[in-house]
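Beneath this line is the structure, given in structure tokens, with notes to follow.
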Protein chains: 4
Amino acid sequence: MIIVTTPGISADALDRIIEHVERLGLRTHVSRGEQRTIVGCIGDEAKLSEVGLTSLDGVERVIPVLKPYRLASREFSPENTQIRFGDRADTVVGGREIVVIAGPCSVEGRDMLFDAAHAVQGAGARMLRGGAFKPRTSPYAFQGMGEPGLQLLAEVRAETGMPIVTEVMDPRQVELVAAYADVLQIGARNMQNFALLNEVGRVQRPVLLKRGLSATITELLMAAEYIMAQGNGDVMLCERGIRTYETATRNTMDIAAIPVLKKETHLPVIVDPSHAGGRADLVTPLAMAAIAAGADGLIVEVHPDPANARSDGEQSLKPAAFVHMMQQVQLIADAVGRGMSHYAPAGAV
Amino acid sequence: MIIVTTPGISADALDRIIEHVERLGLRTHVSRGEQRTIVGCIGDEAKLSEVGLTSLDGVERVIPVLKPYRLASREFSPENTQIRFGDRADTVVGGREIVVIAGPCSVEGRDMLFDAAHAVQGAGARMLRGGAFKPRTSPYAFQGMGEPGLQLLAEVRAETGMPIVTEVMDPRQVELVAAYADVLQIGARNMQNFALLNEVGRVQRPVLLKRGLSATITELLMAAEYIMAQGNGDVMLCERGIRTYETATRNTMDIAAIPVLKKETHLPVIVDPSHAGGRADLVTPLAMAAIAAGADGLIVEVHPDPANARSDGEQSLKPAAFVHMMQQVQLIADAVGRGMSHYAPAGAV
Amino acid sequence: MIIVTTPGISADALDRIIEHVERLGLRTHVSRGEQRTIVGCIGDEAKLSEVGLTSLDGVERVIPVLKPYRLASREFSPENTQIRFGDRADTVVGGREIVVIAGPCSVEGRDMLFDAAHAVQGAGARMLRGGAFKPRTSPYAFQGMGEPGLQLLAEVRAETGMPIVTEVMDPRQVELVAAYADVLQIGARNMQNFALLNEVGRVQRPVLLKRGLSATITELLMAAEYIMAQGNGDVMLCERGIRTYETATRNTMDIAAIPVLKKETHLPVIVDPSHAGGRADLVTPLAMAAIAAGADGLIVEVHPDPANARSDGEQSLKPAAFVHMMQQVQLIADAVGRGMSHYAPAGAV
Amino acid sequence: MIIVTTPGISADALDRIIEHVERLGLRTHVSRGEQRTIVGCIGDEAKLSEVGLTSLDGVERVIPVLKPYRLASREFSPENTQIRFGDRADTVVGGREIVVIAGPCSVEGRDMLFDAAHAVQGAGARMLRGGAFKPRTSPYAFQGMGEPGLQLLAEVRAETGMPIVTEVMDPRQVELVAAYADVLQIGARNMQNFALLNEVGRVQRPVLLKRGLSATITELLMAAEYIMAQGNGDVMLCERGIRTYETATRNTMDIAAIPVLKKETHLPVIVDPSHAGGRADLVTPLAMAAIAAGADGLIVEVHPDPANARSDGEQSLKPAAFVHMMQQVQLIADAVGRGMSHYAPAGAV
């Protein structure tokens, strides 16, 4: 922590600042510049309330030096975290190969779900997404099928072998959802729902943590830190676009977040081109860009009949468009030397 | 709902759009312009999935005409909602007089809480704020005292008569917090925590709903709609600054949100100048501006010793500064013909 | 300037950083923390290219300590700058009294301009605004009347005595516009048009400098610094809303910018509630809030017939609405002890 | 243009709206919904001032249907615009092959410029960038070498054969800069400097138009429209990051803007990964992502000695890093079937 003092600070005020810091067990280092005196604080930065210091007389600005996340940091674990799924643990997120998660926004019924699952598996998706509990802006919109939706997801996994990714919105439902799902998704609007983060931190299920609509990269890592601090280290970070002034797209995909995250953390980075753009016609170019920038995987909305989808139809790919997307993404994955993880059906070997 | 079609749409594609809309029970109205054909949809707009329509061939854009909130809308209830508190129901939020809620960010201990309560009551605050459960960006930061903090708040209410405003973060704690508090606060990060909104909608306690960091005004009203749709109509909306690129302040206070909300809704509008600016030196001018723009009340952080606060010290007013703020706000409240609601101590009449 | 080094930096790399800084004539001060070593740089910060330092090995972050503006800073000139206008220098911007500038967005013709001028003067406006050169998003939109518009403005000044505020968009027109106008307005889109800033810095006409759509407060002050560095110290800063994700209003008025600017600089601060909100119904509450927060004046669009305005009709007040706004603003100006500067017609004394 | 009226609008008010529209030469089409009446306006939308309509009684909202740009639109010219450079017109921007423009931020001197030019040409760059006139936030920062810098650029072109891209900031300098440069660059801060846009529209030199810091995609296209409306159709659009709340990067690169622009317009799209991220370590992943998303070219800052650069050192690649970037970009260009345009030295064939 570095404390920048106001110009012409009195000796008394400076002494009180130093005393305040040292009482908390840190050492200080005073550097007198031509216009400003600066107090460096050496020791456990977490003990210093940044917030309190600025209310001391003579403090102009307080600058933290260390990063606030530990378990999530690349320094804590230089090797990439790899998360394994499936009976034979043969689906790996965070390894060399790109993993694609695909499926409908919501589970709307058995036929549609099975159609979607077969379509995405046939095109090379490795995991299935589908929401049983849906966060909706309007209380009058379709809120998801609930537990019957989870049961359908379990059935489709039994048939296809694909691990299931589904959202959990309520700390009271974590146990229920974890009983069915392979990955617990935390939605963008819940990225700082700390009660929920703590709860998913206590179960042994990988978590797909979506970046909040206006969360900084640091805040995303701090949200992961909440989950990891409870003992669950299997966190996948998901860039899904941030909110800006631009209205041509639903959100603005922060492509630079991918290399920044890969540098800052050992956790896998997944990109959601469907929500990032909010338009079906943008999914393929955004997916290609994400892999070129270093993402470990994609999560994509695919619906057999988007015009009749009960949510997110405008950004869902039809199965044929998804096949095309997969071909294009494969080209990029090969170009960057990673390749794609394809699903080998249960009886295939 | 208005559907703008692509230039040169075929008769077939147009027919399929019309058929799609009419199958959902709405009537259509086709208007052929020089470059675009437009389909107006007449009937229950909620039945039309905006989202699905854009995936039909020939649809360029879909424009909703109606507002998505109902119970929260000014049209639903032209009269201002007034919320009454206290044994004698003599504290009114949403009436002619301005109400000021003040107190520490967190409940940190008995002495500090009583000191703060006496200070703010003496200066004219009508209600007491203080957090027992604290949403913190870092899992390693002070998370609040929990239930013992609620008990201290109840004690201070017993002594001072001031209604208590405190945050609830977890749907499992709504009942507990409602047993102690007069107002349930929903924090900015939980504005779209729909499980929590539903739960506070089911108890009979007024709710102070803070606007999310990057929530639109419409989304704030939709979050209120969630609470109201469950049966709890006593919702106060709180503008507390939005996230922008400007770094001179913690957030950017959206002053225009106040008159926009007063026009769109009958619910009271409270402003939080402490979080909006994030700096103690900005609290007074922002509070004055808020009242000048039409706010019904303020919620302000006051701490007897900000340098040793366990959270938000940099934006907390010292008691003397709060006295000054109240004097300035009083001048504005009088100028706009509203006045301020002052607390008359229990034995005062 | 403070240099934060990477963890475990080598002695060699540290030496090269120190050598780089000292070669530029500054002294260094090394502080070894538990996890990071920090190099304080003492001397003329402007000599250090922040930009270059980060490309040295072992540099993680470079933190400037001093503010980049000098002439515009409150430290340079603790007293408020007051700018005087009119033959008798009796219009003062930056003094105790609030000054209101009002008039049409564009000069569209003689009758309309005179009507508008009489209306705003009658309601208490002290200066007249009106654009002869208009920056328009579309090349096909009305671009202003040009010099004939300036001539009309000069005529109306001759009749009413009101000083004229009008925009200059092109460095080649500065001399022309300065020949007619009392104040040269720099529009938001030109806030960092450095050729134009330099040019208006070289004439002796006060400048109204509008904040760019996404300019920080610091960048606004740096733009003023450009003008002042050329020798023209009469700069009025104008907050006119910034661009955010919110779409309920045209821009988001940054109300906190007012007290922040009043603290950072001695220059007068004017607020434009017309552009900030972009809606006629928001002008009055935003104007009241601006004065409550400490603004020195307002610039407001008024049009006798907004439905037929050639630009900005949706945010223009009709004369009757302007009269009402002035009454409301007067109440706030009185409440904060400033009052309003009313125009005394030429022959009135 | 679609006019949404207020609920319960009177017949009189509706008549006046219709009359207003028809007086301007458009036809109207009234559609009565259950809660709102809608007036469709058929004819030349440009004649309707959107702005004025909202001030008519009974108008709630006005929705434009048509896009405001014409010459820049894909509908106007379905084929991609290709811009040719060099004596043999063998450098093509907007064709199948990717074009890379590289060089230092500023021209700082002969040796550095020639070193940089040889380095980037050797690595495969096709055109040379370098600023002689520099827009700087601070009036005290290095403002560029001016005309001597242009002369150096011309010398280096004579030797290497590489076309020159350099910025013009002032309408008075357009002729001068056009006498030396092959491409006139309009910087982000000047994207809506309409005097400058008009001036570059009048010379026959291709223009590289950078997107403003907070410009929408539509505004970028409207700025191009200004240039094209003056007769100069050779405009390259440049995405260089937009301003958001995220501080980990200098700007947020809007990767989705690339496919959106390719759909909306026939003009070539260039990406500037140096300014978008503001960090040398992000240039390569952002460049790769840009090509994967469909960009036609890149403009990249390269400096032989970034630590001593006079501007933008933190985001400049060293020559060796640029070689690596080019190899990586080549892989992506090949994967998407485009390849890269390499420079064949003058005497090579």
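The values are calculated or read from the model by the stated rules, or taken from the named source; none is laboratory data. What you see is a predicted model; the values in this text were computed from it and never measured. Here the Cβ is made from the backbone with ideal geometry for all residues, glycine too, and neighbour counts use every protein chain on show.
Of the residues B:Leu220, B:Leu197, which is touching a Gly at 6+ places or on another chain (Cβ under 8 Å), aliphatic (A, V, I, L, M), at pLDDT 95 or above and on the phi < 0 side of the Ramachandran plot? So the residue among B:Leu220, B:Leu197 that is touching a Gly at 6+ places or on another chain (Cβ under 8 Å), aliphatic (A, V, I, L, M), at pLDDT 95 or above and on the phi < 0 side of the Ramachandran plot is B:Leu220. Does region D:215-237 include one or more residues that are closer than 30 Å to C:Ala46 by Cβ and under 16 Å from the mean Cα position of the chain (by Cα)? No, because not a single residue in region D:215-237 is closer than 30 Å to C:Ala46 by Cβ and under 16 Å from the mean Cα position of the chain (by Cα). Taken over region B:206-256, residues that are in a loop (DSSP other than H, G, I, E, B) and among the charged types (D, E, K, R) amount to 6. Against the test of being within 18 Å of A:Phe194 (Cβ to Cβ), without any contact (Cβ under 8 Å) to a residue 40 or more places away in the chain and assigned by TED's automatic domain parsing to the domain that holds B:Ala257, the options B:Gln185, B:Gln173, B:Gln204, B:Gln192 yield a single qualifying residue, B:Gln192. Answer yes if at least one residue in region B:302-309 is out of contact with any strand residue (DSSP E or B) (no Cβ under 7 Å at 6 or more places or on another chain), outside any helix (DSSP H, G or I) and facing another protein chain (nearest Cβ under 8 Å), and no otherwise. Looking for residues that are out of contact with any strand residue (DSSP E or B) (no Cβ under 7 Å at 6 or more places or on another chain), outside any helix (DSSP H, G or I) and facing another protein chain (nearest Cβ under 8 Å), one finds at least one in region B:302-309, hence yes. Set side by side, the residues C:Val62, C:Val120 differ, and just one is closer than 30 Å to C:Pro306 by Cα and of a type in the set (Val, Ile, Thr), which is C:Val120.
Candidates are the residues of region A:133-170 that are among the acidic types (Asp, Glu) and surrounded by fewer than 21 Cβ atoms within 10 Å (Cβ to Cβ); the one that is nearest to the other protein chains (Cβ to nearest Cβ) is A:Glu147. Of all the residues in region B:310-336, those that are within 24 Å of the chain's Cα centre (by Cα) and either within 11 Å of chain A (Cβ to nearest Cβ) or outside any helix (DSSP H, G or I) (or both) number 8.
The residues of region D:82-98 that are modelled with pLDDT of 90 or more and of a type in the set (A, V, I, L, M), listed by number, are D:Ile83, D:Val92, D:Val93, D:Ile98. If the condition is being in contact with a helix residue (DSSP H, G or I) (Cβ under 7 Å, 6 or more places away or on another chain), within 17 Å of B:Gly86 (Cα to Cα) and of a type in the set (Gly, Ala, Ser), then region B:120-129 contributes only B:Gly124. Selection of region B:135-163 for residues being free of Cβ contacts under 8 Å to residues at least 12 places away in the same chain and not in a helix (DSSP H, G or I) yields B:Thr137, B:Ser138, B:Pro139, B:Tyr140, B:Gln143.
On the basis of being more than 12 Å from the chain's Cα centre (by Cα), more than 12 Å from chain B (Cβ to nearest Cβ) and part of a helix (DSSP H, G or I), does A:Val174 make the cut? So A:Val174 fails the test.
The set of residues in region D:242-266 being more than 8 Å from chain A (Cβ to nearest Cβ) and either crowded, with 22+ Cβ neighbours inside 10 Å or within 18 Å of A:Ala293 (Cβ to Cβ) (or both) consists of D:Arg243, D:Arg250, D:Asn251, D:Leu261, D:Thr265. Where strands (runs of 3 or more DSSP E) fall wholly inside region D:16-128, the ranges with 3 or more residues that are away from chain C (no Cβ under 14 Å) are D:27-32, D:37-42, D:83-85, D:91-93, D:99-103. Quick one: would you say B:Val183 is more than 11 Å from the chain's Cα centre (by Cα) and among the β-branched types (Val, Ile, Thr)? In short, yes. Taken over region C:23-49, the residue count meeting the criterion of being within 38 Å of the chain's Cα centre (by Cα), without any contact (Cβ under 8 Å) to a residue 40 or more places away in the chain and within 27 Å of D:Arg136 (Cβ to Cβ) is 13. Contact map, region B:222-242: first residue over 22 Å from B:Pro259 (Cβ atoms), second residue at pLDDT below 95, Cβ cut-off under 7 Å, separation 6 or more or different chains; pairs are B:Tyr226/A:Pro139; B:Ala229/A:Pro139; B:Asn232/B:Gln204.
Within region B:271-296, the set of residues being at positive phi and either away from chain C (no Cβ under 12 Å) or under 17 Å from the mean Cα position of the chain (by Cα) (or both) comprises B:Gly294 only.
This table checks each residue for (1) at negative phi; (2) among the aromatic types (Phe, Trp, Tyr).
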position	(1), (2)
A:Glu60	yes, no
A:Arg74	yes, no
A:Ala89	no, no
A:Glu97	yes, no
A:Ile101	yes, no
A:Phe114	yes, yes
A:Ala117	yes, no
A:Gly122	yes, no
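Name the residue, out of A:Ala158, A:Ala72, that is assigned by TED's automatic domain parsing to the domain that holds A:Ala289 and at pLDDT 95 or above. Quick ask: steps written out before the conclusion?
On the way: A:Ala72 fails: assigned by TED's automatic domain parsing to the domain that holds A:Ala289.
Answer to the check: A:Ala158.
Remark: A:Lys210 falls outside the filter, which requires a residue to be more than 21 Å from A:Ile101 (Cα to Cα), more than 11 Å from chain B (Cβ to nearest Cβ) and in contact (Cβ under 8 Å) with a residue 60 or more places away in the chain. Of the residues examined, B:Gln173 is not one that is modelled with pLDDT under 95 and surrounded by fewer than 23 Cβ atoms within 10 Å (Cβ to Cβ).
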